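J.: What follows is a single structure, and I will ask about it in a moment.
The values are calculated or read from the model by the stated rules, or taken from the named source; none is laboratory data. These numbers come from a predicted model, not from an experiment. Glycine gets a Cβ as well: all are built from the backbone with ideal geometry, and neighbour counts include every protein chain shown.
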Amino acid sequence: SQTIHQWPATLVQPVGSPLSLECTVEGTSNPNLYWYRQAAGRGLQLLFYSVGIGQISSEVPQNLSASRPQDRQFILSSKKLLLSDSGFYLCAWSVPGAGRFAEAFFGQGTRLTVV
Amino acid sequence: GESVGLHLPTLSVQEGDNSIINCAYSNSASDYFIWYKQESGKGPQFIIDIRSNMDKRQGQRVTVLLNKTVKHLSLQIAATQPGDSAVYFCAEIPPGGGFKTIFGAGTRLFVKA
């Protein structure tokens, strides 16, 4: 069966420090991968998605970047965190080739607090 | 847990009653819809989906209704249990694909024992 791991669960970082959140998927090959941010009282906002190694698409301009160094590994990074980067970050994957009639499977999320 | 849901609409029901959670979607071209459940401190989980060629789909204790005329989606939970307490949100997928999914903000369901 497929599983998705996301870590850390919580993170407190000072303004200006770097960030690295990691997500890995097991049990499937070439998944579509996503990074979302979830703000209080609002819907999920797609930050990045990837259809393959090294292929990253960004949905919104921001202080963050994403990389996919391996097929089932997706990393969310920042060189210098801002206070506005605080939030709940979710990694997700979906079945490749299933088109748009496919659900997303989410990780447990990372609560990032920038202080 | 995460602070998502601090300002969400809230539905409070008695254990054993039926729950109805509503969602208005935005894009009339969307033709695939998903309901997710998110428990405190966890990631969202798939509950049930429906394509636009249907107006009703049933799962185990859950039913999704789709009204394309008014762009409305609802989730019905039968015999609500304490374990159903969570934030529920809908997602609409337009022809642009899963990457264009639009997620609703959600409704917090409280189940009173």
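J.: Evaluate the following for residue A:112: is it part of a strand (DSSP E or B), touching a residue at least 60 places away in the same chain (Cβ under 8 Å), within 11 Å of another protein chain (Cβ to nearest Cβ) and not charged (D, E, K, R)?
T.: Yes: the conditions hold for residue A:112.
J.: Of the residues A:26, A:103, only one is among the acidic types (Asp, Glu) and within 24 Å of residue B:102 (Cα to Cα); which?
T.: The unique qualifying residue is A:103.
J.: Here's something else I'd like to know. Which one is surrounded by the most Cβ atoms within 10 Å (Cβ to Cβ) among residues in region A:51-64 that are in a strand (DSSP E or B) and β-branched (Val, Ile, Thr)?
T.: Looking at the filtered set, the residue picked out is A:56.
J.: Which one is farthest from the other protein chains (Cβ to nearest Cβ), of the residues in region B:1-27 that are at pLDDT 95 or above and more than 13 Å from the chain's Cα centre (by Cα)?
T.: B:16
J.: At least 3 residues that are away from every other protein chain (no Cβ under 14 Å) and either without any contact (Cβ under 8 Å) to a residue 24 or more places away in the chain or farther than 12 Å from residue B:32 by Cα (or both) in each: list the strands (runs of 3 or more DSSP E) lying fully within region B:58-113 that qualify.
T.: In region B:58-113, B:62-67, B:72-77, B:107-112 are the strands (runs of 3 or more DSSP E) which contain 3 or more residues that are away from every other protein chain (no Cβ under 14 Å) and either without any contact (Cβ under 8 Å) to a residue 24 or more places away in the chain or farther than 12 Å from residue B:32 by Cα (or both).
J.: Determine which single condition residue A:104 fails, assuming it passes every other condition in (1) more than 27 Å from residue B:90 (Cα to Cα); (2) crowded, with 20+ Cβ neighbours inside 10 Å.
T.: The failed condition is (1).
J.: Please go through region A:25-56 and give me each residue that is among the β-branched types (Val, Ile, Thr) and over 13 Å from the mean Cα position of the chain (by Cα), ordered by number.
T.: A:28, A:51, A:53
J.: Only one residue in B:102, B:93 is crowded, with 16+ Cβ neighbours inside 10 Å, aliphatic (A, V, I, L, M) and in contact with a Pro (Cβ under 8 Å, 6 or more places away or on another chain). Which one?
T.: B:102
J.: Does region A:98-108 contain any residue that is part of a strand (DSSP E or B) and at the interface with another protein chain (Cβ under 8 Å from one of its Cβ atoms)?
T.: Yes, some residue in region A:98-108 is part of a strand (DSSP E or B) and at the interface with another protein chain (Cβ under 8 Å from one of its Cβ atoms).
J.: When the residues of region A:65-97 are filtered to those that are surrounded by fewer than 17 Cβ atoms within 10 Å (Cβ to Cβ), more than 30 Å from residue B:49 (Cβ to Cβ) and not polar (S, T, N, Q), which remaining residue is nearest to the other protein chains (Cβ to nearest Cβ)?
T.: In this case the residue turns out to be A:83.
J.: To continue, here is another question. Can you pull out every residue in region A:21-50 that is part of a loop (DSSP other than H, G, I, E, B) and of a type in the set (Lys, Arg)?
T.: Residue satisfying the conditions is A:42 alone.
J.: Residue pairs, Cβ under 8 Å, 6 or more apart or interchain, first in region B:29-49 and free of Cβ contacts under 8 Å to residues at least 40 places away in the same chain, second assigned to a strand (DSSP E or B) and of a type in the set (D, E, K, R). List them.
T.: B:45/B:37; B:48/B:57; B:49/B:57
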